[in-house]
Amino acid sequence: MKNFKSFFEKQKIKTSAKEVGLPQKRRLGRLFSFLEKLKKLLAKYAITPGYLIVIAFCGFLAASLAALFMGAGFGTKEFTQSVFLPLYCIIFACVSALTAGMSIFIKSQKIGHWTMFVLTCLYACLLAGKKSLDLYLCIAVGIVVFIVIRYLNNEDKLSLSDSRFSWKNSTVCLTVACVLFTLFVGGFTILRYTNFGGATFDLGIFTQMFEYMRTTGVPYTTVERDGLVSHFAVHFSPVFYLLVPGYMVWSHPSYLLVMQALALALCVFPIRRLCKNMGFSPLASTAAGFVWLFYPSVALGCCNDFHENKFLPLMLFWLLVMITENKRIGVLIFALLSLSVKEDAAVYIVCIGLYCLFAKKEKRTGFILIAMALAWFVFATGMIEYFGGEPMVTRFSDYYSDAEGSWIGIIKTVVVNIGYLLKMIMTQERLEFLLWMLLPVLFGPFLTKNVWTLLLMVPMLVINLMPTLASQYDIFYQYTYGPATLVLFSCIFVFSQMKEETRRFCITASLVLCMVFGTGATVQKFGYYTRNAANHAEEIRLSEELLDTIPDDATVTARDYVVPHLYDQKELYTVPNHYSALFCTDYYVVDTRQDGNKYNDRMYEFIANNPYELILEQGYLQLWQYKGE
């Protein structure tokens, strides 16, 4: 500070009374000279004109963050009126001054650049989280984030290349992240279940199925179709047996929700290993793990009950690790585990086999994987038919070219009528789906120099874009997990071939964009579950008490959001039931929250036409008992 004082005293002496009458040009010269000397002095303390903009931007971000909490009616003109402007200006000035002061004190611009990075991430996430699944808000915020990261990556202003972050640090960070993800996502999805937010499809079928597996060893369920049937008549998923030992210890639906969150969280370790095998630094490998945890569809999909698909990424990532490390036994083991998730997992294994065949030139591995996948698909579809079901081909009904709706007819349409295929997959909803899936990772898979790696994008075409069912191209549903795995692997592969500076930018930008899109997808839902649990705790308690009065050996028909809470009933039926008409059971449980819904109307009509008596009504529910012979 002494230097600043002496500098201004010298300038004061020079500007004496004798110089008052100097010509305008000489006075301007003095002014420019003064500013130049001031610039050099500030530069000595790391304060450049460009850095002043960074300091001001930090103040703006801090003030804007405060405004989000001060203001009401975000996204409207009223929001502006509700912000207390004097406080906004004070926060702006204080943060700017503090950033400048700390930069002068340590004679470095790092403090400002890191402050800018942290505040940008925080403000962008909070901004995106103000609206639920607002894609275009996330894109707008993402553009600003992209520009900020591009600026900070230039000349490595965050000094990421000089990081001393070790593999041990990476293990600690990812372990903590894995635990936190499991606790948060598992906790919020348990809240959803507790709030009577989980439905028959697809939580009730699995909660009852695991009770049957615990007691009989067979995946029976009465709610998935119109009577007692093996779940393997719908989907062939032997992987469920891996969860049975744990369910024997904790026999509750919460166990299933926690385990699917844990399976997704554990993916960070094979991701880190893939990155390490491809030459990434410990810091970059850790960042790639966090990209997965924040990826929009990963946590959001858990909000849609329980599914076998959520165990697929862990198997696929380890399979890809085994392939990169040329461990053939490991390849066989994890290929089988991946295939055991579901019959359509064969699509992923075939495409990975083609990737090995053409992109990696590993013919033996490629042919083995393709042969395994095709053989398993034939076996799995045969098992579905053996248990009394049939493969779900109807999702591709728009591509039928024969009366039977066979796979051959579908393939014929795709090959012969390519224009029709392109027309079907290029709709607004499907394009928005692609933006959710690819924009957060900078469309990384399509930056490849090796066109054969795009074979890994084929499952997204087949599983998400081609089907008629709208849920297939919605990130809220379970169909994104396999494609998301291959998207991230493709990004890792593509980024590994880039120059260090470009790779650093892509990974950093992908991480922050995934944070933005991920919070935009999940924060509002998690907040709703929390508020609902707090505001309706008494109704939830009373509803559970009502269900506890139903005898274990009774036959029960219940509304879909009640079914998961009756998982230990051996003979349980759901409304709506798309496979049969309503029929008499010992009890009917009506969810009064859905009064006015056509299915509730049908229940009331059926009850009125049969000898049922209302024996209890509390919380959300009515309990009707059959009084006939």
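The values are calculated or read from the model by the stated rules, or taken from the named source; none is laboratory data. Note that the structure is a prediction, hence the values are computed from the model and not measured. Cβ placement follows ideal geometry from the backbone for every residue including glycine, while neighbour counts extend to all protein chains displayed. Calculation scope for accessible area: heavy atoms of the full protein, side chains included, ligands and nucleic acids excluded. Shrake-Rupley method; radii C 1.70, N 1.55, O 1.52, S 1.80 Å.
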Total residues in the stretch 141-154, condition in contact with a helix residue (DSSP H, G or I) (Cβ under 9 Å, 6 or more places away or on another chain) and open to solvent by 50 Å² or more (accessible area, probe 1.4 Å): 5
Subset of the stretch 600-615 that is in contact (Cβ under 8 Å) with a residue 12 or more places away in the chain and open to solvent by 50 Å² or more (accessible area, probe 1.4 Å) - its residue that is farthest from the chain's Cα centre (by Cα): PRO611
Residue in the stretch 251-259 that is of a type in the set (A, V, I, L, M), part of a loop (DSSP other than H, G, I, E, B) and touching a residue at least 24 places away in the same chain (Cβ under 8 Å) present: no
Tabulated pairs, the stretch 296-314, first at positive phi, second open to solvent by 10 Å² or more (accessible area, probe 1.4 Å), C-beta under 7 angstrom, 6+ apart or interchain: ASP305/ALA199; ASP305/ASP202
Residue selected from the stretch 241-254 under the condition open to solvent by 30 Å² or more (accessible area, probe 1.4 Å) and of a type in the set (Phe, Trp, Tyr), by the criterion nearest to ARG192 (Cα to Cα): TRP250
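Out of the residues in the stretch 550-560 that are of a type outside the set (Val, Ile, Thr) and assigned to a strand (DSSP E or B), state the one that is surrounded by the fewest Cβ atoms within 10 Å (Cβ to Cβ). Break it down stepwise before answering.
To start, the set of residues in the stretch 550-560 that are of a type outside the set (Val, Ile, Thr) comprises 551-554, 558-560.
Now narrow it down to the ones that are assigned to a strand (DSSP E or B): 558-559.
Details: ALA558: 29, ARG559: 26.
Per the criteria, the residue is ARG559.
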Index of the failed condition, ALA537 passing every other in (1) within 30 Å of GLN208 (Cα to Cα); (2) among the small types (Gly, Ala, Ser); (3) in contact (Cβ under 8 Å) with a residue 60 or more places away in the chain: (3)
Set SER281, SER285: member being hydroxyl-bearing (Ser, Thr, Tyr) and open to solvent by 20 Å² or more (accessible area, probe 1.4 Å): SER281
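Just one of LEU336, LEU316, LEU369, LEU320 is farther than 30 Å from ASP560 by Cα and surrounded by fewer than 23 Cβ atoms within 10 Å (Cβ to Cβ); which is it? Step through it out loud before you land on a result.
Details: LEU316 fails: surrounded by fewer than 23 Cβ atoms within 10 Å (Cβ to Cβ); LEU369 fails: surrounded by fewer than 23 Cβ atoms within 10 Å (Cβ to Cβ); LEU320 fails: surrounded by fewer than 23 Cβ atoms within 10 Å (Cβ to Cβ).
So the residue among LEU336, LEU316, LEU369, LEU320 that is farther than 30 Å from ASP560 by Cα and surrounded by fewer than 23 Cβ atoms within 10 Å (Cβ to Cβ) is LEU336.
Just checking, which of PHE196, PHE232 is out of contact with any strand residue (DSSP E or B) (no Cβ under 6 Å at 6 or more places or on another chain), among the hydrophobic types (A, V, I, L, M, F, W, C) and assigned to a loop (DSSP other than H, G, I, E, B)? Walk me through how you get there before you give the answer.
Working: PHE232 fails: assigned to a loop (DSSP other than H, G, I, E, B).
Step by step, each of PHE196, PHE232 is checked, and only PHE196 is out of contact with any strand residue (DSSP E or B) (no Cβ under 6 Å at 6 or more places or on another chain), among the hydrophobic types (A, V, I, L, M, F, W, C) and assigned to a loop (DSSP other than H, G, I, E, B).
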Subset of the stretch 194-240 (residues that are surrounded by fewer than 23 Cβ atoms within 10 Å (Cβ to Cβ) and among the aromatic types (Phe, Trp, Tyr)): PHE201, TYR212, TYR220, PHE232, PHE240
PHE184 vs. criteria crowded, with 21+ Cβ neighbours inside 10 Å, of a type in the set (Phe, Trp, Tyr) and assigned to a helix (DSSP H, G or I): no
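Is it the case that VAL556 is touching a Leu at 6+ places or on another chain (Cβ under 6 Å) and modelled with pLDDT of 95 or more? If you could, list the steps in order and put the result at the bottom.
Numbers: touching a Leu at 6+ places or on another chain (Cβ under 6 Å): yes; modelled with pLDDT of 95 or more: yes.
When the stated conditions are applied, VAL556 passes them.
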The stretch 379-394 residues that are closer than 21 Å to VAL462 by Cα and touching a residue at least 24 places away in the same chain (Cβ under 8 Å), paired with ones that are outside any loop (DSSP other than H, G, I, E, B) and among the hydroxyl-bearing types (Ser, Thr, Tyr) (beta carbon under 6 Å, 6 or more apart): PRO391/THR381
Hits in the stretch 503-549 (condition: among the hydrophobic types (A, V, I, L, M, F, W, C), open to solvent by 30 Å² or more (accessible area, probe 1.4 Å) and over 18 Å from SER132 (Cβ atoms)): LEU511, ALA534, ALA537, LEU542
Among (1) free of Cβ contacts under 8 Å to residues at least 60 places away in the same chain; (2) farther than 24 Å from SER397 by Cβ - the single one ASP474 does not satisfy: (2)
The lone exception for TYR567 - which of (1) within 21 Å of GLU617 (Cβ to Cβ); (2) in contact with a helix residue (DSSP H, G or I) (Cβ under 7 Å, 6 or more places away or on another chain) it fails: (1)
Single unsatisfied condition, SER340 versus (1) polar (S, T, N, Q); (2) under 13 Å from the mean Cα position of the chain (by Cα); (3) over 23 Å from LEU439 (Cα atoms): (2)
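So is VAL331 over 25 Å from GLU500 (Cα atoms), crowded, with 23+ Cβ neighbours inside 10 Å, in contact (Cβ under 8 Å) with a residue 40 or more places away in the chain and of a type in the set (Val, Ile, Thr) or not?
no
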The stretch 444-502 - residue that is of a type in the set (Gly, Ala, Ser), farther than 30 Å from LYS157 by Cβ and open to solvent by less than 40 Å² (accessible area, probe 1.4 Å) and, of those, modelled with the lowest pLDDT: SER471
Selection within the stretch 60-90 - open to solvent by 30 Å² or more (accessible area, probe 1.4 Å), part of a loop (DSSP other than H, G, I, E, B) and of a type in the set (Gly, Ala, Ser): ALA72, GLY73, GLY75
